[in-house]
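Participant: My questions will all concern the structure given below.
The values are calculated or read from the model by the stated rules, or taken from the named source; none is laboratory data. Model, not experiment: these values are computed from the prediction. A quick note on method: Cβ atoms are made from the backbone with ideal geometry, for glycine too, and the neighbour counts reach across all protein chains shown. Just so you know, the surface numbers come from the protein's heavy atoms only, side chains and all, with ligands and any DNA or RNA stripped out. Shrake-Rupley method; radii C 1.70, N 1.55, O 1.52, S 1.80 Å.
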Amino acid sequence: MPGSYTSELAEALAPDVLNRFLRYVRIDTQSRRDRTSSPSTPGQLDLGRVLVAELEEAGLDDVQLDENGYVVATLPSNSDRNGTRNVIGLIAHMDTSPDAPGHGVEPIVHRGYGGGVLELPREGTVLDPATMPELVDKLGHDIVTGSGDTLLGADDKAGVAEIMAAVAHLAAHPELPRPTLRVSFTPDEEIGEGATLFDIPRFGARCAYTLDGSDAGELQDETFSADSVILTVRGVEVHPGWANGKLVNALRLAAQIVAALPSDELTPETTADRDGFIHPHEISGNAGEAEVRFILRDFDDDKLKRHLTLLEDTAKRIVAAEPRARLEITVREQYRNMRRFLGDAPEVADAAEEAIRAEGIEPIRRPIRGGTDGSRLSEMGLPTPNLFTGGHEYHSVREWASVQEMAAAAAVVVRLADVWSRDGDG
């Protein structure tokens, strides 16, 4: 039936998931690039303190907000079966993207979506199923949006709310078997730093799951490999009235570099599935000095290297045409495709697939055209695939989430606890 919940468990969890989500999105946790401390913004600590209080109220142990902005907590095993041999992690990130306005989020719940266009109250923002096919099958769902002038924050406060609701439910129902669950909420995932100061030995889990996906049923054990690149062009600045033969305009050179890159391929707007891209996402500066920031993505590391070579060669060729200009290239590895690290622990994704099916959902195994904290955590030795949250149109003022799908994600966490409590050997 349209708009129905995937299970009685999901329906029971839905009010708590929604209430938590509405609280969390109102806290401004937008991260900031080029951070000088962890977390990069104080709002993330504000949310962390809220989560600490709620975890303690729910009865979890070892609840902490550490000096780097990571929230950690433990829900001990209550199973007399094999679950005591397992410690399983649940992870979501507290920050939201700096790619769209994030201050003053005002969530709106559109009950019983009837199809058609959702008109938001500000900036003429609309959610149109003609351009958002994910909306088409949400007839009858309760849809949460922002007001049209900010992102919503479902990425990843939907994941935070789902984990919180699930562990609170498990703590309140001791008859439900569970392994020991370790919970962590991380800062600065959106700027690629969520795993940087994550203390895996202290976390003490054999594996973990991030809730940071989208469509109901998603189970992801493959991500992009990712690099970030900063091109700094230094020119010669002169008063424009006396610039003839003297001015070397760094902004113009930077613009020429961007214009010289492929525009009919290797861009986010022209690629899909397993195709990678070179994406200039920020340009700043003046005639004397300009900076262009890029992200490079591909599922194949060799192709990623070729993207980097193309970008470097293009920039060097254009700047070399003006001998008085200077070019600086800074490359940073962000994360690598998690698939290579999860291949040795297939039982981790298998357990998630069993939990998703137990919720009455067919698992969707697809690679992520992006990354999660699990990308780096898996590389660091903690196998961490990604699960769905029910959020959509991330990093934009059109971001939205389905309450029914969020509730299903929380229910999957409860069922995942049962799976691991029954199978001590994975």
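Participant: Sort W242, W420 by heavy-atom solvent-accessible area, probe 1.4 angstrom, most to least.
Facilitator: W242, W420
Participant: Sticking with this structure for a sec: At a probe radius of 1.4 Å, what is the per-residue accessible area of R234, in Å² to the nearest 10?
Facilitator: 90
Participant: Pop a pseudo-label 7 angstrom from the Cα along the beta-carbon direction at both R33 and Q64 and give the gap in nm to one decimal.
Facilitator: Distance between the two pseudo-spin positions: 3.3 nm.
Participant: If you roll a 1.4 Å probe over the stretch 318-426 with all protein chains in place, what percent of the accessible area is carbon or sulfur?
Facilitator: 45
Participant: Let me ask you something else. Go ahead and set up a Gaussian network model of the chain, Cα springs under 10 Å, then flag whichever of E11, E175, E218 fluctuates most.
Facilitator: Largest GNM mean-square fluctuation: E175.
Participant: Where does each of F185, F341 land when they are ordered by accessible area, with a 1.4 Å probe and the largest first?
Facilitator: So the residues, ranked largest to smallest area, are F341, F185.
Participant: Against the longest principal axis of the chain, how steep is helix 8-25, in degrees 0 to 90 to the nearest 10, with axes from Cα atoms?
Facilitator: Between the helix axis and the principal axis of the chain, the angle is about 40 degrees.
Participant: If you don't mind, another one. Connecting C-alpha atoms closer than 10 Å in a GNM of the chain, tell me which of V412, V233, V403 has the biggest fluctuation.
Facilitator: Per the Cα network of the chain with a 10 Å cutoff, V233 tops the list.
Participant: Build a GNM of the chain with springs between Cα atoms under 10 Å: which of M380, M94, M132 gets the top mean-square fluctuation?
Facilitator: Fluctuation is largest for M132.
Participant: Mind checking the angle between helix 301-320 and the chain's longest principal axis? C-alpha axes, 0 to 90 degrees, to the nearest 10.
Facilitator: Approximately 30 degrees, to the nearest ten.
Participant: Something else: Cα gyration tensor of the stretch 288-426, axes a ≥ b ≥ c as square roots of the eigenvalues: rounded (a/c below 1.5), prolate (a/b > b/c) or oblate?
Facilitator: Prolate is the answer for the stretch 288-426, as a/c is 1.5 or above and a/b outweighs b/c.
Participant: Could you tell me the center-to-center distance, by alpha carbons, between the stretch 313-331 and the stretch 211-287 in angstrom?
Facilitator: Computed from Cα coordinates, the inter-centre distance equals 15 Å.
Participant: Each residue of the stretch 346-357 in order: what ³J(HN,Hα) in whole Hz does its phi give by Karplus 6.51 cos²θ - 1.76 cosθ + 1.60, θ = phi - 60°, with x for Gly and Pro?
Facilitator: These are the phi-based 3J(HN,Hα) values: x, 5, 5, 5, 4, 5, 5, 4, 5, 5, 5, 5 Hz.
Participant: [x] 30.7; [y] 21.5; [z] 26.1: which one is mean projected area of the Cα convex hull in nm² as calculated from this entry?
Facilitator: [y]
Participant: In addition: Provide the per residue accessible area, probe 1.4 Å, for the stretch 318-426, rounded to a whole number of square angstrom.
Facilitator: 37
Participant: Let me ask another. With label points built 7 Å along Cα→Cβ from the Cα atoms of R326 and D199, find their separation and express it in nm.
Facilitator: 4.2
Participant: What angle, in degrees between 0 and 90 and rounded to the nearest 10, separates the Cα long axis of helix 42-58 from the longest principal axis of the Cα atoms of the chain?
Facilitator: 10
Participant: Using a 1.4 angstrom probe on the protein heavy atoms only, line up H110, H93, H395 by accessible area, largest first.
Facilitator: H395, H110, H93
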